[in-house]
Amino acid sequence: MKRKITGILFIMIIILSTFYAPIFARDNTALSVATAYEEKTNTLDACNNAAQCYHDSGYTSYIGCDLDASMLYSYLYADVQFFCTHGAYDNIKYETTGIAKGDGRTIGNRQYIGTNQVHWYADTILVTYVSCEGAKDSSLDTIAGATWQRGADTVLGFNKEIDLSSATSWSSRYNKKLQEGSTVYEAASYANSFIYLYPSIKSLTIYGNSDLTIGGTNPRAMSIANKIYDDSRMLYDIKNQDNNITLDNVISNIKNKSRSNDLNNYEIVKTEGITRTKNPGIYEDAQEEYVDVILKIGEFYTDRGYTICLKDGIVQQIYDNNTPNSEELSILQNSEITSTTIDDKEVKALKVKAIRETQFKYKENSLKIDYAQTNTKLFYDIEKNKKYIAVEVKSTVNDDVITEAVAYDTMFYEI
């Protein structure tokens, strides 16, 4: 689904895609770069949303798609930068260019801008890499770590392989909170407090100043800064409590509230949380972890349930992500929703269809897809009252010399 974007931003897309003039106005700018300008492309959806949020934060907001190296480099002065594309621990890739850790290089038809070539220390306050493993192991020896060492005030990257469908929802929440004046850490924590079909999106690293805000030119945003903890979904916040509770206490309470006093309706998923680093090799925070208690309707996953944030095993916050009450749950469990109406032959056909759609989405000729790594999940959208089979397709771009870049796309087919 395409997000609304102002006419100004549409004009900026054309400018970025057409002209190569040098940039003179260097202050108070934001850049969002997508890959594959196609209607169904998740990465463009995420970048449209980011560009709109930065515009509403008071920035002159530019958006581009698969820019060439000259155009991309000319905009890497921007105060705020958002990249969403195929990636690995040491690079991100676009159609004819990319950014790589270390020195620049040209491999085949792709010209990489090296992190050592970019003057992030001159202007840039925030860089967000929405790509697989851009902050792998929270290491400085990554594209996110190298970008921070090169001078960007704050850099956010993901520790694991991520799915673009979950990343799009996560990014929308993250950028909206940034727009409202929350810090980078608060915005990421808020995005992490929801349930995702692919929860690896919650494992990330923030290098540098995690208390950075970007809404400095927006008085309305600054007036409502730090409102993240006013979330109506929050059932518990350690800051407002006299006593600590354990994960076992929480699970026991959820069990008591659930149908038939058991957790058969839920799947518990644990994910590493946010790591913050300010000095090389020094990690400021206790070990953070998220536990999602995900509601399932028969074999179908939902985006409802409970999210629990822990640090060193101590519960920090508990969120109720719109869990149906016992009566509503009973109706759902006893309805036709729980039945699966798709056989193996149909599943195989939808896998093939999803692979073809993924290939069509990206203009990259060297894109490779492994059918054996194309996986499915059943998903029920409670709000829309619809059942889907979600087909996750892993695609890779390999230059043979630099690390293979990966993206995971998910196609949803109603059943």
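The values are calculated or read from the model by the stated rules, or taken from the named source; none is laboratory data. All values reported here derive from a predicted model rather than from experimental measurement. Don't worry about glycine lacking a Cβ; one is built from the backbone with ideal geometry, like all the others, and counts go over all protein chains shown. Side chains are part of the model used for accessible areas, which takes the heavy atoms of the whole protein and leaves out ligands, DNA and RNA. Shrake-Rupley method; radii C 1.70, N 1.55, O 1.52, S 1.80 Å.
Converting phi to 3J(HN,Hα) with the Karplus coefficients 6.51, -1.76 and 1.60 and the offset θ = phi - 60°, region 185-191 yields 5, 5, 5, 5, 5, 4, 4 Hz in sequence order, with x at every glycine or proline. A 1.4 Å probe over all protein chains sorts Asp163, Asp211 by accessible area into Asp211, Asp163, starting with the largest.
Label sites at Ser70 and Ile415, each approximated as a point 7 angstrom past Cα along Cα to Cβ, lie 5.0 nm apart.
Phi angles across region 110-118 convert, under the Karplus curve 6.51 cos²θ - 1.76 cosθ + 1.60 with θ = phi - 60°, into 3J(HN,Hα) values of 10, 9, 8, 8, x, 4, 6, 8, 9 Hz, Gly and Pro given as x.
Only protein heavy atoms count here; on that basis, with a 1.4 Å probe, Leu126 has an accessible area of about 0 Å².
Let me check something: with ligands and nucleic acids excluded, how do Glu289, Glu392, Glu272 order by accessible area (1.4 Å probe), largest to smallest?
Numbers: Glu289 65, Glu392 25, Glu272 95 Å².
The ranking, largest first, comes out as Glu272, Glu289, Glu392.
Solvent-accessible surface (1.4 Å probe) assigned to Asp312 amounts to roughly 110 Å². Assign one of three labels to region 30-186, namely rounded, prolate or oblate, based on the Cα gyration tensor with a ≥ b ≥ c the square roots of its eigenvalues; rounded applies when a/c is under 1.5, prolate when it is not and a/b is larger than b/c, and oblate otherwise. Verdict is rounded for region 30-186. Residues in region 287-307 near a label at Met234, defined as backbone nitrogen under 16 Å from the 7 Å Cα→Cβ point? Once the point is set 7 Å along Cα→Cβ of Met234, 307 turn out to lie under 16 Å by backbone N, inside region 287-307. Partners of Lys353 within straight-line reach, counting lysines whose Cα lies under 24 Å from its Cα and excluding those fewer than 8 residues away in the same chain: Lys2, Lys40, Lys345, Lys361, Lys363, Lys368, Lys377, Lys384, Lys386, Lys387, Lys394. Here the spin labels are modelled as points 7 Å beyond Cα on the Cα-Cβ line, and at Lys345 and Lys278 they lie 6.3 nm apart. The stretch between Ile107 and Asp27, if pulled fully straight at 0.36 nm per residue, gains 25.5 nm over its current Cα-Cα span. Accessible area per residue for region 289-399 is 48 Å², calculated with a 1.4 Å probe on protein heavy atoms, without ligands, DNA or RNA. Evaluating 6.51 cos²θ - 1.76 cosθ + 1.60 at θ = phi - 60° for every residue in region 309-316, the Karplus couplings come out as 9, 10, 10, 6, x, 9, 5, 9 Hz, glycine and proline recorded as x. For Gly273, the residues whose modelled amide H falls within less than 5 Å of its own, excluding neighbours fewer than 5 places apart on the same chain, are Glu288, Glu289, Tyr290. When Tyr371, Tyr62 are compared by accessible area at a 1.4 angstrom probe, the order from most to least is Tyr371, Tyr62.
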